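One structure is given here, and the rest of the page talks about it.
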Amino acid sequence: MNEEKNNSEETKESSPEEIIVRLEKEKQEYLDGWKRAKADLINYRKDELKRFEEIARFGTEDVMLDLTLILDSFDLAMRSGTAESNEGVRMIKTQLMDILKRRGLERIPIKKGDEFNPTLHEAVAESEEDEAPGKITEELSAGYMLNGRVIRPARVKVAK
């Protein structure tokens with residue numbers, strides 16, 4: 001009721017052109033607000049889609065990290081067994097690695113003489129070999145990446 005009273009008072013005091021200008025201005029403010037809200041909603045949807053994709057890609061990280069312990073056990077079994085017993089262990093490990101690769105898990109490749117990279121490697125020991133300082137001399141424990149992101153760095157021995 002107060003609004004009607006205010007509007008009627010404004011129309012008495014304002015000319016029709018002034019009222020049209022004021023209403024056009026209000027209309028533009030509402031339209032701009034609506035456009036901002038629509039843009040915010042679109043951005044929110046894009047952000048949520050990215051978040052869901054991230055969850056889908058890395059939601060299995062805990063399980064994959066646990067499975068890397070099994071892969072370590074396979075490596076240990078292959079080092080300590082005989083040639084005949086290693087064949088079966090190697091086949092099972094290969095099958096498991098193939099399944100994990102299809103789901104985005106990869107072993108970080110390391111060979112003697114590679115440059116130490118702190119984003120991929122964890123230096124747990126130093127050695128005094130004929131390698132240049134900062135070069136990897138031995139891989140002590142394998143490292144793994146899930147969909148391009150390091151979930152466990154490789155533990156290595158580095159030359160002094």
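Taking each residue as 0.36 nm, the span from ALA132 to TRP34 lengthens on full extension beyond its C-alpha to C-alpha distance by 28.9 nm. For the chain, averaging the sequence separation of C-alpha pairs within contact (under 8 Å, six or more residues apart) and dividing by the residue count gives a relative contact order of 18 percent. Relative to the current alpha-carbon distance between ARG51 and THR119, full extension at 0.36 nm per residue lengthens the span by 22.1 nm.
Rounded to the nearest 10 degrees, the angle from helix 2-13 to the longest Cα principal axis of the chain is 60 degrees.
With a Förster radius of 22 Å applied to the C-beta separation of ILE70 and ASN147, the computed FRET efficiency comes to 0.65. Using only Cα atoms, find the angle between the long axis of helix 16-58 and the longest principal axis of the chain, and express it within 0 to 90 degrees, rounded to the nearest 10. Value to nearest ten degrees: 10. Close amide H partners of ARG152, meaning residues 5 or more places away or on another chain with modelled amide H under 5 Å apart, are TYR144. Of all DSSP beta bridges located in the chain, what percent are antiparallel, nearest 5? Taking every DSSP beta bridge within the chain, about 65 percent pair in antiparallel fashion.
The angle between the Cα long axis of helix 61-80 and the longest principal axis of the Cα atoms of the chain comes to about 10 degrees, rounded to the nearest 10.
Tell me what the chain gives for mean residue ellipticity at 222 nm when only DSSP H runs of n ≥ 4 count, each as -39,500 (n - 2.57), the sum divided by the residue total, rounded to 500 deg cm²/dmol. Computed ellipticity for the chain at 222 nm equals -21000 deg cm²/dmol. Using the Cβ of GLU24 as centre and a radius below 12 Å, the other residues enclosed give a net charge of -1, where K and R count +1 and D and E count -1.
The label point for GLU87 and the one for LYS160, both projected 7 Å from the Cα toward the Cβ, are 4.5 nm apart. Couplings 3J(HN,Hα) of the stretch 100-112, computed from phi: 5, 4, 4, 9, x, 8, 9, 7, 6, x, 9, 9, 4 Hz, in residue order, whole Hz [Karplus 6.51 cos²θ - 1.76 cosθ + 1.60, θ = phi - 60°; x for Gly and Pro].
Counting only Cα atoms, the size of the chain along its three principal axes is 103, 38, 21 Å, in decreasing order.
Readers should treat all values here as calculations from the given coordinates under stated rules, not as data from a laboratory. Remember, predicted model here, so these are calculated numbers, not experimental data. Using ideal geometry, Cβ is built from the backbone for each residue, glycine included, and neighbour counts are taken over all protein chains shown.
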